[in-house]
Structures are given as structure tokens and as C-alpha cells.
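Scroll down for the structure; my scribbles are underneath it.
The values are calculated or read from the model by the stated rules, or taken from the named source; none is laboratory data. Please read all numbers here as calculations on a predicted model, not as lab measurements. Here the Cβ is made from the backbone with ideal geometry for all residues, glycine too, and neighbour counts use every protein chain on show.
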Amino acid sequence: MKKTAFNELHKAAGAKMVPFAGYEMPIEYFGIKDEHMTVRNNVGVFDVSHMGEIWVKGPKALDFVQKVTSNDAAKLTPGKAQYSCFPNGKGGIVDDLITYHYSEDKYMLVVNASNIEKDWNWLVENKIEGVELENASDSISQLAIQGPKATEILQRLTDVNLSEIEFYTFTVGKFAGIEDVIISATGYTGAGGFELYFYNEHADAIWNAIFEAGKPEEIKPIGLGARDTLRLEMGYCLYGNDIDDTTSPIEAGLGWITKFTDEKEFIDKNVFLKQKEEGVSRRLRAFKMQERGIPRQGYDIVTAEGEVIGKVTSGSQSPVLNQGIGMGYINKGYTKFGTEVYIQVRKKRIKAEVVKLPFI
């Protein structure tokens, strides 16, 4: 099993370690609910070094990124990033990702840990002339510092004006005495903050500097358990749960990252355009439980009479709302906001309501 450069630091901090996407990762340190609220109200640090980083370089880099991703990378200038997905040629999704326009003719694709090899093979398979690919995943570490106090704490460690880094932009600068750190504002918690990308050899120095700087605010490490509940409250998709090789971005409510312009040709463009124009038979929808009960992945979504009309893809108890929340694919005819549905929890049907995202 792989280990990130922070593995021993997690164990020293009392983390409960579990296998995740081929890595030994911290699931929690002092309780998922408490960690969740720490990020919402204060500040926390996630090790997300298991994520993959793939460089796309060369004179045809943009043409290649345009071909393999659904979003319009032509809109990016150096220092800007966008959320996107890789269509799989069969109307599904290879993975979702963030595309960073690092410099002219150079992009960094940040992909999910569980899909690094799959994504790499897909990119190699679809490679065009004038493009060089580099899988840098094993040499790059990433920390996500999230929460309302993140900016204040991190500003003590850099001369880069962090308040000028808008959402889905980034810069490269000196941080905690380390040169060429990517400082990005593309967080997946909805709590604000930054992600730092740097080479593995700087891991201890940067970790220790952040926790020293954040002592007055009682900064804490946060595990992947709270990362999941935080992203769910915002309604952000998780690959393998809410999207996969059998779901289209149109079905998943990701039409906003699927751009149909005359200039952009991309894999599955015609399939997705047809779905957009003609509609789809199911949609990914969010729901709130109207009675006590926690929806879990795989539970059936049913009518009052018990007819199965969908399936839960993600679900949990919201620490902020103190209420069961979830997402799932629901058949056409039941996707309107305000529709009453039921979640089949073992032998009991529990009432829920289809709602708009985010939950909070």
C-alpha cells in the first residue's frame, strides 16, 4: 500500500488510518463531526497527496486538453483553473478533474487517486502529435487548508497576497521558505481556503510551518471522513459514488462543465448534445430527509407506494443541519424540486424532499 509523505505525521497526531485508493490515509483524528465543524467554523488541514497530477505540455497542449475534457479550456489563461471531466467515448465519465493552466502550452490535470492509472492510460490512448504527457503524481504532495481562518494563517507564511487569489485561480510563489509552491483556491469543502502543491521532500517543513503558524487559532488536521461530509453539504460529486463510467455529465447536473461551442470538438460531444436537447430519463438530485433517518449509498429511492424510482449515490447526516441529506439518480417525473420521495431504509420507507443544492 502506498503512503504519502505525511504518513508518520498522521500517526503521530493520532489518526485512525485506513486503506483508501491504494494509499494508507487518515479517515479521522478526533471525530468526523467535530472535524467537520472545525473546518466550517475555524480551520483544518487535509492531506490530499493521494490525488494525481498529470502534466500536459507542448505546442498542441490546448488542443489535446480540449479533446479529452468536457469544459472549454480555451477560456483559461495562465493562473486560472476549471472543473471538468473526461468523457469515456461511451457517454460516461472516465473521471472528474481540475484543469490548471500553468503557463503557455502547459497544463496540470489534477485527478482522483483511485483513477490515476486509468486516467493516465486514457490520456496516452488519446494522445495527439505535439503533446508531451508526464505523470508526476508520485513526486508531488498536496495539502488543503480549509476554513474561514485559512487565509489569515497562511498569509503569515508567504509574501503572496492571498486575498487576491480568487476562487478557481492560483499562483506560484514562495511559501514557508520553499520556492515554486502552487497556491490554489479550488477547494472542495465550500469553507474557503487554499491548496498547496509542492515536491515530497518539502512535506515535513511545510506541514510543521502551517501548524506552528496556526497555533493561535488551534489549527487541526482533518481526515477524509469529514472531507466527504463537507463536500456532500455543498453537493459536490464524488467519483465512484455520484458519477462514474455509466453516468453522463448531463444526467449528473454537470451541463455547466460541458461546453458546446463550434470551436471545441471533444469526445462524446454529439452524445451529450443530444441528451441536452432531448432530455434524459434520470437526473442526479439532492434530497433532505423529512423524518429521522440517514440515507446511505445504494439505498432505493421509492414512491409512497414503494415503487423504485431511483438509487442513493451519497448520503450522510449533515453536521451543520443535523438532518439526513443525500444525492441520487431519480427517474424523470420525480425530479422537480419540492417533490416528495421516500428512502427505503431496510424495511422502512422514510420521507424525503427533492431540493436544490447546496444544502447549506
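Here Arg296 qualifies as assigned to a loop (DSSP other than H, G, I, E, B) and more than 24 Å from Pro249 (Cβ to Cβ).
Tell me which residues, restricted to segment 248-267, are among the acidic types (Asp, Glu), over 22 Å from the mean Cα position of the chain (by Cα) and either crowded, with 17+ Cβ neighbours inside 10 Å or within 15 Å of Leu76 (Cβ to Cβ) (or both). Give the derivation first.
Step one: filter segment 248-267 for residues among the acidic types (Asp, Glu), giving 251, 262-263, 265.
When the remaining residues are screened for being over 22 Å from the mean Cα position of the chain (by Cα), the result is 262-263, 265.
Of everything in segment 248-267, just one residue is among the acidic types (Asp, Glu), over 22 Å from the mean Cα position of the chain (by Cα) and either crowded, with 17+ Cβ neighbours inside 10 Å or within 15 Å of Leu76 (Cβ to Cβ) (or both), namely Glu263.
Residues of segment 325-341 that are part of a strand (DSSP E or B) and touching an Asp or Glu at 6+ places or on another chain (Cβ under 9 Å): Ile325, Met327, Gly328, Tyr329, Glu340, Val341.
Of the residues Lys90, Lys11, Lys33, Lys16, which is outside the structural domain of Thr229 (by TED's automatic domain parsing) and basic (Lys, Arg)? It would help to see each step written out before you state the result.
Details: Lys11 fails: outside the structural domain of Thr229 (by TED's automatic domain parsing); Lys33 fails: outside the structural domain of Thr229 (by TED's automatic domain parsing); Lys16 fails: outside the structural domain of Thr229 (by TED's automatic domain parsing).
None of the others qualify; the one that does is Lys90.
Residues in segment 166-183 that are in contact with a Gly (Cβ under 9 Å, 6 or more places away or on another chain) and outside any strand (DSSP E or B): Phe167 only. Restricting segment 184-239 to residues that are part of a strand (DSSP E or B) and closer than 12 Å to Val45 by Cβ, the residue that is farthest from the chain's Cα centre (by Cα) is Lys220.
Among the residues of segment 127-147, what is the count of those that are part of a loop (DSSP other than H, G, I, E, B) and surrounded by 15 or more Cβ atoms within 10 Å (Cβ to Cβ)?
Just the residues of segment 127-147 that are part of a loop (DSSP other than H, G, I, E, B), to begin with: 127-131, 136-139, 147.
So of that shortlist, the ones also surrounded by 15 or more Cβ atoms within 10 Å (Cβ to Cβ) come out as 127, 131, 137, 147.
So the answer is 4.
Exactly one residue among Val56, Val65 is over 30 Å from Lys16 (Cβ atoms), free of Cβ contacts under 8 Å to residues at least 60 places away in the same chain and either of a type outside the set (Lys, Arg) or in a strand (DSSP E or B) (or both), and that residue is Val65.
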